[in-house]
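Below: one structure, written as structure tokens.
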Amino acid sequence: MNRKKIYLVRHGQTDYNLKGVVQGSGIDAPINENGRKQAAAFFEAYKDIPFDQAYYTGLQRTKQSIQSFLNLGIPAISTTDLNEISWGDYEGLPMSPEESQYYQHMLDQWQQGNLDYCIAGGESPNIVAKRMQRGIDAIIAGPGETILVCMHGRAMRIFLSLIMKQDLCHMDMFEHKNLCLYLIAEKVDGTFELLKRNDTEHLKEL
């Protein structure tokens, strides 16, 4: 079996990102003008990579962020297994001081290992991890060697924790910015190594 090299990117900026509004799997926001510039800059930097397969989530902001690659005819699969975490009752709300305090409390719970803890009406890390593992397994077993994946911030942290065999309570070590790149390469023993981490070199001119 061919060893995978996965180019994992977060979607470009949306107005929700810009305004600090909570945006999870229940918010299907498009990328904004700056997000389109980020997507164009990423395409310009990586358009010559011979991608065999692309994956994006069930939310339009991920497809929009790699649309230029799809226009080249790269085979693509949309999968909700890679969707962002659901923030439940907090989706669509601005991060007021009260929400920020509650959010920090939730992060503290996760860092302490309470990975079944979730916002009211939302998903826990353990719930997301189950579908995320299905997505990872499909990518690894799927066609091609050089893979492009576009997804979401918190979902990326869970994806990276799983594929790098890290405990989910440490997932915040995987920092991210809009249209950042994580480059992950499969080793001979089937484990993965990080070659690039939260890389935004392609965005330096913006």
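Summary table
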| quantity | calculated |
| --- | --- |
| Top-ranked residue in the stretch 91-120 [being under 29 Å from Ile139 (Cβ atoms), in contact with a helix residue (DSSP H, G or I) (Cβ under 8 Å, 6 or more places away or on another chain) and open to solvent by 40 Å² or more (accessible area, probe 1.4 Å); ranked as modelled with the lowest pLDDT] | Cys118 |
| Pairs where the first residue, in the stretch 111-125, is in contact (Cβ under 8 Å) with a residue 40 or more places away in the chain and the second is of a type in the set (Phe, Trp, Tyr) and surrounded by 15 or more Cβ atoms within 10 Å (Cβ to Cβ), C-beta under 9 Å, 6+ apart | Gly122/Trp87; Gly122/Tyr90; Glu123/Trp87; Pro125/Trp110; Pro125/Tyr117 |
| Test: residue in the stretch 141-161 that is over 25 Å from Ser68 (Cα atoms), of a type outside the set (A, V, I, L, M, F, W, C), surrounded by fewer than 16 Cβ atoms within 10 Å (Cβ to Cβ) and more than 13 Å from the chain's Cα centre (by Cα) | no |
| Contacts under 6 angstrom Cβ, first residue in the stretch 14-26 being among the β-branched types (Val, Ile, Thr), partner at pLDDT below 90 and surrounded by fewer than 19 Cβ atoms within 10 Å (Cβ to Cβ), 6 or more apart | Val21/Pro94; Val22/Leu93 |
| Members of the stretch 75-90 that are open to solvent by 60 Å² or more (accessible area, probe 1.4 Å), closer than 30 Å to Glu145 by Cα and without any contact (Cβ under 8 Å) to a residue 60 or more places away in the chain | Ser78, Thr80 |
| Residues (free of Cβ contacts under 8 Å to residues at least 60 places away in the same chain and either open to solvent by less than 50 Å² (accessible area, probe 1.4 Å) or farther than 24 Å from Lys5 by Cα (or both)) located in the stretch 27-59 | Asp28, Ala29, Pro30, Ile31, Asn32, Glu33, Arg36, Phe43, Gly58 |
| Residue list for the stretch 72-102, restricted to those being assigned to a helix (DSSP H, G or I) and in contact with a strand residue (DSSP E or B) (Cβ under 6 Å, 6 or more places away or on another chain) | Leu82 |
| Residue, surrounded by the most Cβ atoms within 10 Å (Cβ to Cβ), within the stretch 121-137, restricted to residues that are farther than 19 Å from Tyr103 by Cβ and among the charged types (D, E, K, R) | Arg131 |
| Contacts under 9 angstrom Cβ, first residue in the stretch 168-181 being farther than 23 Å from Gly35 by Cβ and without any contact (Cβ under 8 Å) to a residue 60 or more places away in the chain, partner among the charged types (D, E, K, R) and open to solvent by less than 50 Å² (accessible area, probe 1.4 Å), 6 or more apart | Leu168/Arg157; Met173/Arg157 |
| Hey, Leu195 within 30 Å of Gln67 (Cβ to Cβ) and in contact with a His (Cβ under 8 Å, 6 or more places away or on another chain) or not | no |
| Out of Phe51, Phe69, sole residue that is among the aromatic types (Phe, Trp, Tyr), in a helix (DSSP H, G or I) and over 23 Å from His170 (Cα atoms) | Phe69 |
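The values are calculated or read from the model by the stated rules, or taken from the named source; none is laboratory data. What you see is a predicted model; the values in this text were computed from it and never measured. Cβ sites come from the backbone with ideal geometry, for glycine too, and all protein chains shown count toward neighbours. Just the protein is used for accessible areas: all its heavy atoms, side chains included, with ligands, DNA and RNA removed. Shrake-Rupley method; radii C 1.70, N 1.55, O 1.52, S 1.80 Å.
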